[in-house]
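The structure appears below as structure tokens.
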Amino acid sequence: MNKISKIKARQVFDSRGNPTIEAEVYANLISAKSICPSGASTGSYEAYEKRDKGNKKYLGKSVLKTVELINKIISKKLKNKNVHNQEKIDSLLINLDGTKQKTKFGANAILAVSMATKKLSAKLKKVPLYKTFLVRKNFKLPYPLMNIINGGAHANNGLRIQEFMIRPDKAKSFSESIRICFLVINNLRNLIKKRKLSTSVGDEGGFAPMINKNEEALNLIVQAINRAGFQNGKDVSICLDVAANELLKNGLYSVHSKKFESIDETIKRYIKIIKKYKIKSIEDPFSENDWSAWSKLMKSIKKTQIVGDDLYVTNLERLKKGFLNCSSNAILIKLNQIGTVSETLEVIKFAHAIGFETIISHRSGDSEDTFIADLAVGTNSSQIKTGSLARSERVAKYNQLLRIEEELGKNAEMNKIY
Ligand code: PGA
Ligand code: ZN
């Protein structure tokens, strides 16, 4: 009953309509499946995403060869292995691949199998998935970081900053946190309509109006927060993902306007907007290789969460370097940046040990899979970033958290935030 009998992979599609891998792991007649997500503004140190570059039928984006690798090689290798021994299965997958960035099989193949195995183990034990990670009791629910205006690589409106998010800091429960976001989003929609701009949404479900100045987006959000009856910086905070990798040229950054500016000037302007808009969290303020700029920013500001995404790529070695360099005080966690569940848990454990916040994250190309909702609760991560309250692949994660909240009942406490 505890042994893997076979693995069946297939090509399915993600929320951007691109091919991706679903793996289904079987223990005789019982199975569990998982779908790998895919990013658009990826860090160069991420684990490798394997696609059939030469297959013109799918514009080089199909994953059919990778699917075959799972069905023919990985399935055989994992046959009869104990499904509950996640670490062993993950290390078998890592060794079978044998490369640093998982280029042989692709992290997309490896992760789909790793997550499906984890789900099957929980299913066979008849325990909810969230109870099978790092914490076993006193589960805490994460605060949502809702991306309500999309820019950068996730929209085509010319906004420099990729994600404008809200975090309902004063919410006492997860359902209350969703209600607060719902109210702000509805007010924001009305404000955008009033300005005769489009209320269509970007890849992560946030609005993508044709505005191209950061401050225009920030002003709209402050107004929406006020109109919803909340106070910016108290009840609800604004959080940003700059995704600065995309905004760097010759050592200069074009974060605050189209003009490329020095690191010192960029920091000065960060400080200005943090103050003016009471911003509580900034992700990837500088590029993945600019270690000194990160620590300079950390020294210049207080009480702001600085989050490493492309900087760390959920990689333990890079996180250790960032810790020693005082680069940030938080890390974004994306399973497919590293490629296995076990390696992801190791990074989260280390991050907590050094006092970093962990923010579990979706990818801009995502699916109906809600694995990350359970992961956030099961690791007591203080925040989750999974888009807006729009597009089913985003809302699916929030709905799963509402189910977990209901199941925990009176014990469903919110986590603490920085
Ligand atoms: P990605 O963006 O999934 O397109 O990489 C998300 C992020 O940068 O946080
Ligand atoms: Zn990011």
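The residues in the range 126-153 that are crowded, with 17+ Cβ neighbours inside 10 Å, out of contact with any strand residue (DSSP E or B) (no Cβ under 7 Å at 6 or more places or on another chain) and within 28 Å of GLU346 (Cα to Cα) can be counted, and the count is 7.
If you check ASN186, ASN156 for being within 30 Å of LYS258 (Cβ to Cβ) and either surrounded by fewer than 22 Cβ atoms within 10 Å (Cβ to Cβ) or not β-branched (Val, Ile, Thr) (or both), only one passes: ASN156. Note on the range 296-316: among residues that are within 16 Å of ligand 1 (Cβ to nearest atom) and part of a loop (DSSP other than H, G, I, E, B), the one that is nearest to the chain's Cα centre (by Cα) is ASP309.
Check whether at least one residue in the range 300-309 is out of contact with any strand residue (DSSP E or B) (no Cβ under 7 Å at 6 or more places or on another chain), open to solvent by less than 20 Å² (accessible area, probe 1.4 Å) and within 16 Å of ligand 2 (Cβ to nearest atom), and report yes or no. Quick ask: steps written out before the conclusion?
Pass one, the range 300-309, residues out of contact with any strand residue (DSSP E or B) (no Cβ under 7 Å at 6 or more places or on another chain): 300-303.
Filter again for open to solvent by less than 20 Å² (accessible area, probe 1.4 Å), leaving none.
No, because not a single residue in the range 300-309 is out of contact with any strand residue (DSSP E or B) (no Cβ under 7 Å at 6 or more places or on another chain), open to solvent by less than 20 Å² (accessible area, probe 1.4 Å) and within 16 Å of ligand 2 (Cβ to nearest atom).
Within the range 244-258, residues that are over 18 Å from ASP310 (Cα atoms) have Cβ atoms under 8 Å from residues that are open to solvent by 60 Å² or more (accessible area, probe 1.4 Å) in these pairs: ASN250/PHE260; HIS256/ARG269; SER257/LYS213, counting only partners at least 6 apart in sequence or on another chain.
A count restricted to the range 19-63 and to residues that are in contact (Cβ under 8 Å) with a residue 24 or more places away in the chain, among the hydrophobic types (A, V, I, L, M, F, W, C) and either surrounded by fewer than 17 Cβ atoms within 10 Å (Cβ to Cβ) or in a strand (DSSP E or B) (or both) stands at 7. Scanning the range 36-90 for residues being out of contact with any Cys (no Cβ under 9 Å at 6 or more places or on another chain) and either assigned by TED's automatic domain parsing to the domain that holds ARG363 or within 16 Å of ligand 1 (Cβ to nearest atom) (or both) gives a total of 15.
Scan the range 329-350 for residues that are within 14 Å of ligand 1 (Cβ to nearest atom) and outside any helix (DSSP H, G or I) and report the count. Summing the residues that are within 14 Å of ligand 1 (Cβ to nearest atom) and outside any helix (DSSP H, G or I) in the range 329-350 gives 5.
The values are calculated or read from the model by the stated rules, or taken from the named source; none is laboratory data. Everything quoted here is computed from the prediction, not taken from an experiment. Methodologically, a virtual Cβ is constructed for each residue, glycine included, from the backbone with ideal geometry; neighbour enumeration extends over all protein chains shown. Quick note on the areas: whole protein, heavy atoms, side chains included, nothing else; ligands and nucleic acids left out. Shrake-Rupley method; radii C 1.70, N 1.55, O 1.52, S 1.80 Å.
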